[in-house]
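Here the structure comes first, spelled out in structure tokens, and everything after it is commentary.
The values are calculated or read from the model by the stated rules, or taken from the named source; none is laboratory data. Fair warning: this is a prediction, and the values are worked out from it, not measured in the lab. All Cβ positions, glycine included, derive from the backbone under ideal geometry; neighbour counts span all protein chains shown. With ligands, DNA and RNA removed, areas are computed over all heavy atoms of the protein, side chains included. Shrake-Rupley method; radii C 1.70, N 1.55, O 1.52, S 1.80 Å.
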2 protein chains.
Amino acid sequence: MKKRLTLKLIAKELDVSVSTVSKALRDSAEISEDTRQKIKAFAKLYNYKPNNIALSLKNRKTKTIGVIIPEIVHHYFTTVISGIEQVANEKGYHVIICTSNNSFDKEVINLEILANGSTDGFILSVAKETQQKGDYHHLTEVIEQGMPLVMFDRVIEGINCDKVIIDDMLGAKKAVKHLIEIGCKKIGLITTIDYVSVGKLRTRGYREALKESNIPINEDLILKVEDFDQSELEIQAFLKDKKVDAVFAVNEHFAIYAIKALKEQGLDVPRDVSVIAFTDGELSKRFMPSLTTINQHGEEMGAQAARLLIRKLENDEAEDEPFETIIIETSLVKRNSTKH
Amino acid sequence: MKKRLTLKLIAKELDVSVSTVSKALRDSAEISEDTRQKIKAFAKLYNYKPNNIALSLKNRKTKTIGVIIPEIVHHYFTTVISGIEQVANEKGYHVIICTSNNSFDKEVINLEILANGSTDGFILSVAKETQQKGDYHHLTEVIEQGMPLVMFDRVIEGINCDKVIIDDMLGAKKAVKHLIEIGCKKIGLITTIDYVSVGKLRTRGYREALKESNIPINEDLILKVEDFDQSELEIQAFLKDKKVDAVFAVNEHFAIYAIKALKEQGLDVPRDVSVIAFTDGELSKRFMPSLTTINQHGEEMGAQAARLLIRKLENDEAEDEPFETIIIETSLVKRNSTKH
DNA sequence: TTTCAACACGAAAACGTTTTCGCCATGATC
DNA sequence: GATCATGGCGAAAACGTTTTCGTGTTGAAA
């Protein structure tokens with residue numbers, strides 16, 4: 001086991017001082033051409049690499065970004081991470097990921113640990129439990145300590161930081177308008193209960209689309225799924241004898257359960273019923289029929305979040321600039337679960 | 001923006017020395033009950049948290065684990081990460097994730113950066129390109145520096161380190177044997193070209209299962225997909241008029257393309273053809289029909305890898321123990337793409 | 001009164017860097 | 001020959017900890 005090479009060791013070996021070695025390696029003009037060459041050659045030969053921890057301590061910068069997400073086993077979040085990683089790596093940052101498992105406590109702990117020197121800033125999407133609780137002291141605390149924070153996807157309105165979101169309302173509206181355009185009149189909505197902010201916004205989009213097309217809103221056509229684990233049954237019951245000609249679901253899973261339920265009723269998708277899902281994941285592409293969806297462009301979202309964060313990190317003036325909220329445009333991806 | 005509290009600041013504020021503060025906070029017996037209380041109260045009041053970077057430098061331990069995977073947008077890897085995170089967090093470690101994007105160069109760079117002090121050890125699954133190249137100097141280098149390394153899933157035989165793998169051959173065998181048990185005689189195999197080690201092993205499992213059941217191996221029933229992007233077409237062409245009564249696919253996607261192709265031929269799954277896929281992901285559960293699969297237990301794999309690594313990190317004696325290779329058992333998950 | 005242990009605390013080194021400052025020798029200038 | 005700028009290097013501080021060792025004060029034992 002080779003010991004890691006340090007400046008001190010090089011210095012001892014070449015019989016110069018540590019400072020000389022440091023300066024030589026950084027091409028300081030203070031050091032004569034001769035010794036500089038000698039030191040650099042030695043360092044190269046023995047593959048010297050500066051210790052990041054020591055640098056972090058010295059510079060009070062870690063060049064790493066902390067990412068806290070509710071869960072990693074979720075295709076959408078992995079696309080976001082992928083986007084974050086790309087721009088972060090490009091700019092010489094690395095990324096440290098923690099999952100909150102949708103638990104408030106774990107979110108707080110992760111934030112605290114990472115804030116104690118491990119990262120220069122954060123990108124985070126809050127846990128469900130946090131959203132329910134409405135307790136955001138951990139977020140404000142980090143911000144007060146001067147650590148930049150960028151929230152994405154599930155953001156909290158009141159918090160003073162940069163944000164990247166998608167226009168859930170507009171996305172939902174796009175979906176429903178498309179359904180209307182292809183001739184659907186009785187459009188069901190499968191959404192979540194209201195405390196999930198995205199569910200709420202997408203529901204609003206549904207309502208507005210109908211209103212703008214002068215279609216009366218029938219509350220019987222709206223299902224707010226209460227329990228994720230029971231969602232399949234809830235959806236089955238909901239669609240029973242509803243005679244909808246279209247369904248807009250706020251996520252892939254709901255859409256797929258809907259299609260299954262419809263099939264069991266002897267209905268065909270898309271012939272009898274058109275279905276659109278929010279969130280464009282692996283499932284949508286592969287399912288039969290493949291799903292028409294609203295794509296959220298997770299990579300783009302991650303990339304933008306990373307850019308915002310790094311801007312604040314590297315730009316002293318940016319610190320005082322007002323906080324931005326970037327809205328990522330959604331797009332409709334037409335596939336085979338809707339009529340043409 | 002509040003300045004972060006340090007020992008020095010506390011010391012100045014309370015008019016004692018830095019060492020006293022440190023000792024008091026760590027409940028040293030050297031410090032009188034009085035001052036200890038005073039210091040702890042102050043620290044608590046102003047929410048003092050020690051700086052991790054300084055601790056890392058001092059202790060020469062970062063309490064973080066570096067994970068390098070080929071890609072994060074891949075359900076299987078996220079389950080592994082999830083497993084790693086769980087046991088890591090339990091033991092007070094955090095996890096820093098880098099993706100190699102299946103590129104050799106990026107794998108090398110990530111490893112180097114993380115090795116320069118950022119992590120205590122590694123868990124990694126090698127990039128495809130690395131496997132092709134056969135260049136493992138970066139791995140041996142880290143090991144020589146005394147950094148423990150655990151490889152998982154795609155492991156390299158010759159490297160001296162702990163490993164966690166699944167028994168690809170046995171898993172494939174299980175699948176094919178099941179197909180035989182339910183009465184299938186003409187079993188097709190859809191696999192990858194041989195340099196992907198898992199593809200090779202699963203192919204071998206297929207062959208052995210047939211051999212053990214005295215079913216002659218028909219090379220015409222084996223498809224080695226060359227180009228992932230063209231896999232759907234390749235599979236379509238392959239299944240044309242093959243008259244198989246079963247298909248074993250080495251991943252979900254191939255299985256789904258197979259099902260689609262079969263359907264287009266007017267065949268029903270599972271009535272006419274039974275299909276089993278290696279890898280149990282989101283798709284398998286949701287697809288129609290849901291897929292019978294070989295589950296790889298990614299979480300378990302991650303958990304074991306983390307345990308192996310942490311053992312080496314915390315146990316001085318463990319350092320000299322021989323390297324282990326843990327084999328995770330696969331299991332057959334029966335769903336609706338196979339006859340009962 | 002002297003000696004000593006126990007107690008309570010501080011100084012300093014160490015982890016691996018970077019950077020500021022000071023020092024010494026050299027050669028040029030007056 | 002005295003002065004001075006310059007080049008080349010080292011000492012030391014700093015980042016925030018922990019830990020070893022030393023030291024001064026106490027009260028008790030001799």
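Once the Cβ-Cβ distance between residue B:35 and residue A:22 is put in as r, and R0 is 30 Å, what FRET efficiency do you end up with, to the nearest 0.05?
Working: r = 39 Å, r/R0 = 1.31.
Taking R0 as 30 Å, the efficiency between residue B:35 and residue A:22 is 0.15.
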In degrees, nearest ten, helix B:252-264 long axis to first principal axis of chain B (Cα)
30 degrees
Note down the nm distance, to one decimal, between modelled labels 7 Å out along Cα→Cβ at residue A:213 and at residue B:47.
4.9 nm
For residue A:271, place a label point 7 Å out from Cα along the Cα→Cβ vector, do the same in each other copy, and report the separations in nm, one decimal, smallest first.
1.6
Within the accessible area of the range B:185-283 (1.4 Å probe), percent carbon and sulfur:
48 percent
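Counting only helical runs of four or more DSSP H residues, what would the 222 nm mean residue ellipticity of chain A come to if each run contributes -39,500 (n - 2.57) and the total is spread over all its residues?
It lands at -13500 deg cm²/dmol.
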Placing one identical point scatterer on every Cα of the range B:7-50 and ignoring solvent, what is log10 I(q)/I(0) from the Debye formula at q = 0.13 Å⁻¹?
-0.20
Roughly how large is the A-B contact in terms of buried accessible area, totalled over both chains, probe 1.4 Å, nearest 100 Å²?
4700 Å²
Listed here are the pairs B:174/B:240; A:173/B:240; A:186/B:243; which of them are more than 32 Å apart at the Cα?
A:173/B:240; A:186/B:243
Mind pulling the angle between the C-alpha long axis of helix B:197-212 and the longest principal axis of chain B? Nearest 10 degrees, somewhere in 0 to 90.
40 degrees
How much of the accessible area of the range B:1-150, probe 1.4 Å, is carbon plus sulfur, in whole percent?
51 percent
Placing the label point 7 Å from Cα along the Cα-to-Cβ direction, what are the distances from residue B:219 to the equivalent spots in the other copies, shortest first, in nm to one decimal?
7.1
Residue A:8 paired with residue A:315, simple spin-label distance in nm, labels 7 Å along Cα-to-beta-carbon:
4.1 nm
Counting just the Cα atoms, what span does chain A cover along each of its three principal axes? Round to the nearest Å and put the largest first.
88, 38, 34
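Of all beta bridges DSSP finds with both residues in chain A, what is the antiparallel percent, to the nearest 5?
Values: 3 of 38 bridges.
So the antiparallel bridges in chain A amount to around 10 percent.
So in the protein assembly as shown, what percent of DSSP beta bridges are antiparallel if you round to the nearest 5?
Values: 6 of 76 bridges.
Percent antiparallel among DSSP bridges in the protein assembly as shown is about 10.
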Tell me which lysines have Cα within less than 16 Å of residue A:312's Cα, excluding those fewer than 8 residues away on the same chain?
A:61, A:63, A:91, A:163
Got the residue B:29 label distances to the other copies yet, label 7 Å along Cα→Cβ, in nm, shortest first?
6.0
Would you mind working out the accessible area per residue for the range A:184-338, using a 1.4 Å probe, and quoting it in Å²?
45 Å²
Nearest-0.05 FRET efficiency for residue A:233 and residue B:91 at R0 = 35 Å, using Cβ-Cβ distance, is 0.35
Let me know the mean shielding of B:82-93 by other chains, meaning the per-residue number of their Cβ atoms within 10 Å of its Cβ.
2
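Given R₀ = 30 Å, what would the calculated FRET efficiency be for residue B:324 paired with residue B:54, taking r from the Cβ atoms and rounding to 0.05? Mind showing how you got there, number by number?
Working: r = 35 Å, r/R0 = 1.15.
For residue B:324 and residue B:54, the calculated efficiency is 0.30.
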Could you state the angle between the C-alpha long axis of helix A:33-45 and the longest principal axis of the C-alpha atoms of chain A, as a value from 0 to 90 degrees rounded to the nearest 10?
50 degrees
Histogram of C-alpha separations across the range B:182-340, 10 Å bin width, %:
10, 35, 31, 13, 8, 3, 0
Sorted by chain and then number, the residues having a modelled amide H within less than 5 Å of the amide H of residue A:292, at least 5 places away or on another chain, are A:277, A:335, A:336, A:337, A:338
In nm, to one decimal, how far is the residue B:71 label point from the residue A:220 one, both placed 7 Å along Cα→Cβ?
4.7 nm
